[in-house]
Amino acid sequence: MATMMSALEKRRSTHDILEEYLMTGNDGHMRVDALNYGRCLRFVMLNEDKIAASRGSSHNHQAWLGGWSDHTDEVLNIAVLMYSALAATGRLLGFRLADAILVLFWHDAEKLFKYKIGPDGEVYVVPELAEKAAQHEFRMRLLREYQVEFTEEQLVAFALVEGENGGTYSRLKRGMNPLAAFCHICDVASSRIWFDYPDVSGDPWPGPDRFKDEKK
C-alpha cells in the first residue's frame, strides 16, 4: 500500500522515470537497462526540435505542440501507478516495470516524424507514415538506428501496444503477452481517459506542467 500511495502522490518527468527504472536496477538486467537508458537520452537530445513541435496525435489525445512529450510523461506515470496497484495484489505479473517503461518510451516514436501542418493550418499525416504497418516499421528502424536492445517479450509488446488489430487477433491463440496487455492499458488510459491531461488549469495529480504550458 505504501508503494502505491507514493506512486499516487506526484507525477514525474520522463527523464526521472527512465533514470529510476533503467539506471538503478540490480536484478541482472542492469547493463542492458543502462545502455538503453543512454540511447533513450540520445534520442531525446538529437530530436529536441521535433519533440518541441510534435503532438501526441493529430486530434484525439494530447493534440497540442509538445503533446508527444506530455503523452510520454503520462503513459510512464500511469505505468508506475498501475504496476504498483497490480503488484499489490500479490499476483505475479511476469514482467518488470522497467520492461514496460522502455516499450512505452518508444511506442509512439514515429510521431516525431509523422505530422506536418498544411497551408490551411490543419495537421496532416505524411503519406509514407499513413499506414499502421509503415509506422511500426519506422519505429523498428529507430530502434536499430539508436541500437536499443529489446527482448523478444518487449518486441511483441512493442508491436501490440495499440491492441490486437489488423489481423493479429485469434480466438485460438493470444497475440498479446502480459507485457503487451499492460502497455496497452497504460496507452489507452492516457489517450482515451486522460486525453487532455496534464491539465493547464491546475492538475489534481501534481507534477510537471505541459511541455509547452498554454498559460505561459
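The values are calculated or read from the model by the stated rules, or taken from the named source; none is laboratory data. Because the structure is a prediction, the values reported are computed rather than measured. Cβ atoms come from the backbone with ideal geometry, glycine included; neighbour counts cover every protein chain shown.
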ask   = Could we say that Trp68 is at pLDDT 95 or above, touching a Ser or Thr at 6+ places or on another chain (Cβ under 9 Å) and not hydroxyl-bearing (Ser, Thr, Tyr) here?
value = yes
task = State whether the residues of the range 153-164 include one that is closer than 19 Å to Glu74 by Cα, crowded, with 17+ Cβ neighbours inside 10 Å, of a type in the set (Gly, Ala, Ser) and free of Cβ contacts under 8 Å to residues at least 60 places away in the same chain.
result = yes
message = Please determine whether any residue of the range 91-112 is more than 12 Å from the chain's Cα centre (by Cα), under 17 Å from Leu65 (Cα atoms) and either outside any helix (DSSP H, G or I) or not charged (D, E, K, R) (or both).
response = yes
message = Kindly evaluate Asn77 against the criterion of being exposed (fewer than 15 other Cβ atoms within 10 Å of the Cβ) and either modelled with pLDDT under 90 or part of a helix (DSSP H, G or I) (or both).
response = no
query = Only one of these conditions is not met by Ser190: (1) within 18 Å of Asn60 (Cα to Cα); (2) surrounded by fewer than 19 Cβ atoms within 10 Å (Cβ to Cβ); (3) of a type in the set (S, T, N, Q). Which number is it?
reply = (2)
query = Which residues, taken from the range 51-74, are among the hydrophobic types (A, V, I, L, M, F, W, C) and surrounded by fewer than 22 Cβ atoms within 10 Å (Cβ to Cβ)?
reply = Ile51, Ala52, Ala53, Ala63, Trp64, Leu65
